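Some notes on the structure that comes next.
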Amino acid sequence: MKRTMLGSAASGLGTLHAAEKPMPTRSPRDRRPLALTVNGEAYHLSLEPRVTLLDALREVVGLTGTKKGCNHGQCGACTVLVDGQRVLSCLTLAARCVGKKITTIEGLADTVDDELHPVQEAFIDHDAFQCGFCTSGQIMSAVGCIHEGHTGSADEIRESMSGNLCRCAAYPNILAAVEEAKSKVKTD
């Protein structure tokens, strides 16, 4: 399915509403057309080159599961997978992701069989969250950690997940969830 989204000149990000045209503060020439593949779906956007993947996902595409925590690459709440690799979407330009497969928390569950991803299930089973703000980034990082093969020991998991901060300190439960899920996740 293709979606077309026109950029909003005022915000520099974009919008789903082509009919609404706010007073431009930037030239429309500042925007560039680009196509992103997010959770298997193609999105045709018009964005300024400086727009981050995080802002494109949240503000333009409308996928708000990826969180904006620190917006400086220090907390991990914005973690998504790009071609299977963990990236901090607040530090990644959307334009750098053209032609790549982007997976967000919304794209993990098997919508055909209506089943959660094994990591999502393990997080629920082990109460690996409290306030939930960091949970999407923690889950995406855990999936990446498992696919990268960094689950040989508890210490290796802790080290691999150390870029994701949990203000509620649910770390023991997060570790238990990753340890349980590692045997259930199919790795390529």
task = Among residues belonging to the stretch 140-170 that are more than 20 Å from the chain's Cα centre (by Cα) and within 21 Å of LYS67 (Cα to Cα), point out the one that is surrounded by the fewest Cβ atoms within 10 Å (Cβ to Cβ).
result = ALA169
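Name the single residue, out of those in the stretch 98-112 being among the β-branched types (Val, Ile, Thr) and without any contact (Cβ under 8 Å) to a residue 12 or more places away in the chain, that is farthest from LEU47 (Cα to Cα).
Initially, the stretch 98-112 is screened for residues among the β-branched types (Val, Ile, Thr), giving 98, 102-105, 111-112.
Of the ones still in play, those that are also without any contact (Cβ under 8 Å) to a residue 12 or more places away in the chain are 111-112.
Working: THR111: 29, VAL112: 32 Å.
Filtering the stretch 98-112 for residues that are among the β-branched types (Val, Ile, Thr) and without any contact (Cβ under 8 Å) to a residue 12 or more places away in the chain, the one farthest from LEU47 (Cα to Cα) comes out as VAL112.
So, CYS90, is that one in contact (Cβ under 8 Å) with a residue 24 or more places away in the chain and in a loop (DSSP other than H, G, I, E, B) or not? It would help to see each step written out before you state the result.
Values: in contact (Cβ under 8 Å) with a residue 24 or more places away in the chain: yes; in a loop (DSSP other than H, G, I, E, B): yes.
Yes: the conditions hold for CYS90.
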remark   = Only one of (1) within 19 Å of GLY163 (Cβ to Cβ); (2) surrounded by fewer than 20 Cβ atoms within 10 Å (Cβ to Cβ) does not apply to GLY62, and that is (1)
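So how many residues does the stretch 69-95 have that are within 22 Å of CYS166 (Cα to Cα), in contact with a helix residue (DSSP H, G or I) (Cβ under 7 Å, 6 or more places away or on another chain) and surrounded by 17 or more Cβ atoms within 10 Å (Cβ to Cβ)? Steps first, answer last, please.
Start the filter on the stretch 69-95 by keeping residues that are within 22 Å of CYS166 (Cα to Cα), which leaves 69-81, 85-92.
Narrowing the set further to residues that are in contact with a helix residue (DSSP H, G or I) (Cβ under 7 Å, 6 or more places away or on another chain) leaves 76-81, 85-86, 89-90, 92.
Restricting the remaining residues to those that are surrounded by 17 or more Cβ atoms within 10 Å (Cβ to Cβ) gives 76-81, 86, 89-90, 92.
Qualifying residue count, the stretch 69-95: 10.
Can you tell me which residues in the stretch 30-75 are assigned to a strand (DSSP E or B) and in contact with an Asp or Glu (Cβ under 7 Å, 6 or more places away or on another chain)?
Applying the first criterion (assigned to a strand (DSSP E or B)) to the stretch 30-75 yields 32-38, 41-47, 52.
Listed by number, the list is empty, since nothing qualifies.
When residues of the stretch 96-127 are filtered for being of a type in the set (Gly, Ala, Ser) and surrounded by fewer than 19 Cβ atoms within 10 Å (Cβ to Cβ), how many remain?
Quick first cut of the stretch 96-127, residues of a type in the set (Gly, Ala, Ser) only: 99, 107, 109, 122.
Pick out the ones that are also surrounded by fewer than 19 Cβ atoms within 10 Å (Cβ to Cβ) and you get 99, 109.
Number satisfying all stated conditions: 2.
Among the candidates GLY69, GLY76, which residue alone is closer than 21 Å to HIS147 by Cα, modelled with pLDDT of 95 or more and not assigned by TED's automatic domain parsing to the domain that holds ARG167? Before you say what the answer is, go through the steps one by one.
Values: GLY69 fails: closer than 21 Å to HIS147 by Cα.
After ruling out the rest, the residue left standing is GLY76.
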key: Selection within the stretch 95-139 - in a helix (DSSP H, G or I), of a type in the set (Val, Ile, Thr) and over 17 Å from the mean Cα position of the chain (by Cα)   = ILE124
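Only residues that are of a type in the set (Asp, Glu) and closer than 26 Å to ARG58 by Cβ: list them for the stretch 130-188, please. Full working, then the answer.
So in the stretch 130-188, the residues of a type in the set (Asp, Glu) come out as 148, 155-156, 159, 179-180, 188.
Across the stretch 130-188, the qualifying residue is only GLU148.
Output the residues belonging to the stretch 149-168 that are without any contact (Cβ under 8 Å) to a residue 12 or more places away in the chain and part of a loop (DSSP other than H, G, I, E, B). So that I can check it myself, show each step before the final result.
Start the filter on the stretch 149-168 by keeping residues that are without any contact (Cβ under 8 Å) to a residue 12 or more places away in the chain, which leaves 150, 152-153, 155-156, 159, 162.
Once the filter is applied, which keeps residues that are without any contact (Cβ under 8 Å) to a residue 12 or more places away in the chain and part of a loop (DSSP other than H, G, I, E, B), the stretch 149-168 yields HIS150, GLY152, SER153, SER162.
The values are calculated or read from the model by the stated rules, or taken from the named source; none is laboratory data. Every value quoted in this text rests on a predicted model; they were computed, and no experiment measured them. Please note: Cβ atoms are built from the backbone with ideal geometry, for glycine as well, and neighbour counts cover all protein chains shown.
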